[in-house]
Structures are given as C-alpha cells and as structure tokens.
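Everything below concerns the one structure shown next.
The values are calculated or read from the model by the stated rules, or taken from the named source; none is laboratory data. These figures come from a predicted structure and were not determined experimentally. Cβ placement follows ideal geometry from the backbone for every residue including glycine, while neighbour counts extend to all protein chains displayed. Calculation scope for accessible area: heavy atoms of the full protein, side chains included, ligands and nucleic acids excluded. Shrake-Rupley method; radii C 1.70, N 1.55, O 1.52, S 1.80 Å.
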Amino acid sequence: MWKSSKIIQLINDNFRRTLQGGKVVLTRGIRALPKMEIAEIMLKVSRYNDFTIANDIYDERDYGSFEYHGKKIIWKIDYYDKNYEYASENPADVTKTNRVLTIMLADEY
C-alpha cells in the first residue's frame with residue numbers, strides 16, 4: 001500500500017499541471033501583472049519540479065517558489081473540505097477534499 005504522501009503528491013502534481021480538481025487564487029500582486037507575465041508564471045508553476053526537504057518538508061509537493069523578473073513568486077496548495085470551509089480530514093481522499101492553489105508575490109505572504 002502506498003503512503004498517503006505519495007498519493008497526495010500525485011493528486012497535487014495533477015492539480016498543478018491541469019488546474020482540474022480545485023480552485024486557483026491569484027493574489028492582488030499577481031493579478032496586477034500584465035496578462036503575459038501571469039501566463040508565464042502559471043506555466044512555471046505547472047512545470048515546477050524543484051522539490052527538496054527545505055521546501056517540501058511533508059513530501060506532498062504542495063509548495064514552491066522561484067524567481068521571476070526579479071520577483072520571488074510563491075505558490076502553495078491548501079486542503080479544504082468539500083464546502084471550502086474547514087481543513088480537509090484526509091487530503092489523500094479526493095471525495096473529501098477540495099484543493100486551493102494560491103499564487104502570490106513573496107512579499108504578500
């Protein structure tokens with residue numbers, strides 16, 4: 001049987017790459033950028049694969065950061081219940097979990 005973190009990794013990677021299975025939130029700072037830059041940032045998030053113990057301590061591939069045009073960009077995935085009200089009881093269970101991918105400038109964190 002797989003560890004739940006491996007299942008969560010697969011779900012998170014699929015969500016980031018397809019944007020299917022949750023909501024995407026762009027912060028005010030990201031939304032203020034030109035549309036072409038937003039598209040490039042979204043592409044970098046979808047292709048992100050620089051996971052280390054320093055930025056992925058729970059081994060779930062739910063956080064990343066990178067430099068873009070001199071700005072540090074952060075993205076993270078949070079796990080909610082099906083009503084987006086409370087934390088999910090089991091992020092490995094897609095029948096009980098909604099994901100929210102938030103993309104922000106580091107100074108907005």
Item checked: Fraction of accessible area attributable to carbon and sulfur, the chain (%, probe 1.4 Å) -> 54
Next item on the list: Please identify every one of the chymotrypsin sites (Phe, Trp or Tyr not before Pro) in segment 1-74 that sits in a loop by DSSP and has no more than 15 other beta carbons within 10 Å of its own beta carbon.
Entry: Trp2, Tyr58
Item checked: Cross-link pairs beyond the 29 Å C-alpha cut-off, checked among Lys35/Lys82; Lys23/Lys72; Lys71/Lys96; Lys76/Lys96; Lys6/Lys96 -> Lys35/Lys82; Lys71/Lys96
Next item on the list: Apply 1/(1 + (r/R0)^6) to the Cβ-Cβ distance of Ala106 and Ser5, taking R0 = 25 Å, and write down the FRET efficiency to the nearest 0.05.
Entry: 0.45
Next item on the list: Have a look at Gly29, Gly70, Gly21 and tell me which one the Gaussian network model of the chain (Cα, springs below 10 Å) gives the largest fluctuation.
Entry: Gly70
Next item on the list: Round to the nearest 10 and give me the degree value, 0 to 90, for the angle of helix 4-18's Cα axis relative to the longest principal axis of the chain.
Entry: 40
Item checked: the chain: relative contact order in percent, alpha carbon pairs under 8 Å with at least 6 residues between -> 33
Notebook entry, point to check: Which value, in debye to the nearest 20, gives the size of the charge dipole of segment 1-57 about its Cα centre, when Lys and Arg are +1 and Asp and Glu are -1 at the Cβ?
Noted result: 200
Margin query: Please give me, ordered by residue number, the trypsin sites (Lys or Arg not before Pro) of segment 1-38 that lie in loop per DSSP and have at most 14 other Cβ atoms within 10 Å.
Written below: Lys3
Next item on the list: Using a 1.4 angstrom probe on the protein heavy atoms only, line up Met36, Met104, Met42 by accessible area, largest first.
Entry: Met36, Met42, Met104
Checklist line | Principal-axis tilt of helix 35-47 within the chain, Cα atoms, nearest 10 degrees | finding: 40
Checklist line | Relative contact order for segment 45-99, counting Cα pairs under 8 Å that sit 6 or more residues apart, in percent | finding: 21
Next item on the list: Rank Gln9, Gly70, Pro91 by how far each Cα sits towards the positive end of the charge dipole of the chain (+1 on Lys, Arg Cβ; -1 on Asp, Glu Cβ) and give me just the farthest.
Entry: Gly70
Notebook entry, point to check: Per-residue HN-Hα couplings for segment 94-107, Karplus 6.51 cos²θ - 1.76 cosθ + 1.60 at θ = phi - 60°, whole Hz, x for Gly and Pro?
Noted result: 5, 6, 10, 10, 10, 9, 10, 9, 10, 10, 8, 6, 4, 6
